[in-house]
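The next block holds one structure in the form of structure tokens; read it before the comments.
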Amino acid sequence: MSDEPFLRGVALSQWAYGAERLGLPSFDIMRSCNIDPVQALDPASKVPLSLFENYLLELALASGDELFGLHIGQQIMPALYGSLSMVMMSAESLEDGVRLAIRYSPLVVGSAGGLELRDDGDDKIFIGLLAHRNPVVRRHWIEAVGALIFQAFRFNNQAFYPDKIFFEHTPCSKEAEKEISDFFGSPIQFGSSFNGARVTKKKAELRVHGYGKYSLEMARQIADHQLEEQKHQQSMISKIKLHIRDMMSTAPPRRESVAERLGISSRTLDRRLAEAGVTWQKLVDSIRSQLAHEYLALPHYKVKDVASMLGFADVRAFQRRFRHWTGISPSQYKKSLNQPEGSIER
């Protein structure tokens, strides 16, 4: 199965509700991007990065705003982030808050991003990591997240202003550069090699006047439980994938058969898949795609052999599906691997 990065529904909700507050038809746009709002906005759902990027680009296009990300970030709604927000705002200091955010950020950004904290002499450097490839998406995302984080910390300690901010992108215009600089109130280095901020050790130790130690303990218990739940979901998905691969060697796998093997009902199986943000058909399809690539890479398998092994009714059905997955035919894929001519199905 593809290991495409994903983010959680709770992260998607910031963009959806924030865009709505800016007057955009965010949920109509979501549906037009083949994202089901009911499922995708569940806090624990998994939203593939490719779907999210397409959604963000459509939102930005509809807004006509070159600073769409910055303006979304200003629509701060800490409650949307649940236990992560509570944990960060219950930290003893800004540095502690960032360290907690590093631990619990998968609850929000999934595998599509994260934070790093580095020491640089007496200073601390906070670095934002993101899996987005599209430069427009990266620009909007980092400005939004930067605005969200710094606004949240300033809400709890007005003295927090980074000594320097680093953005890998360059502003779209002089007007945009001025607005970004005015908002953050700190020197900004555009065109940097990373996205992040530098603060002195003294500022990193500034207290966060938040919810307190008791709230932190409670929030960490909730967040730890949620992390364990995510691990459990992924463990279950791994088991489901293993059984699908095993059954696929003899016949097309059936939901009911996999559920029976796992000792659960078909309804429970569907619920586990929904919690992980995937459907049965997508899971089977992704495994078929992976196996197709593996089998086609073996010189002694012809295209018709692979089609049969993967349970396709005929070779043409497999050829159409493989072209849908990759944009090329199975024969073209085998040729790309420089396999001997005799192993290629014409």
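Overview of values
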quantity	calculated
Hits in the range 266-312 (condition: over 26 Å from the mean Cα position of the chain (by Cα) and closer than 22 Å to A44 by Cα)	S266, R267
K241 being at pLDDT 80 or above, in a helix (DSSP H, G or I), within 22 Å of the chain's Cα centre (by Cα) and surrounded by 13 or more Cβ atoms within 10 Å (Cβ to Cβ)	yes
Top-ranked residue in the range 126-137 [being assigned to a helix (DSSP H, G or I) and in contact (Cβ under 8 Å) with a residue 40 or more places away in the chain; ranked as surrounded by the most Cβ atoms within 10 Å (Cβ to Cβ)]	V137
Helices (runs of 4 or more DSSP H) wholly inside the range 1-50 containing at least 3 residues that are in the same structural domain as A292 (by TED's automatic domain parsing)	none
Tabulated pairs, the range 185-212, first within 19 Å of L148 (Cβ to Cβ) and of a type in the set (A, V, I, L, M), second exposed (fewer than 13 other Cβ atoms within 10 Å of the Cβ) and modelled with pLDDT under 90, C-beta under 9 angstrom, 6+ apart or interchain	L206/A159
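The values are calculated or read from the model by the stated rules, or taken from the named source; none is laboratory data. Here the structure is a predicted model, which is why all the values come from computation and not from measurement. Note: ideal-geometry Cβ built from the backbone for every residue, glycine included; neighbour counts use all protein chains shown.
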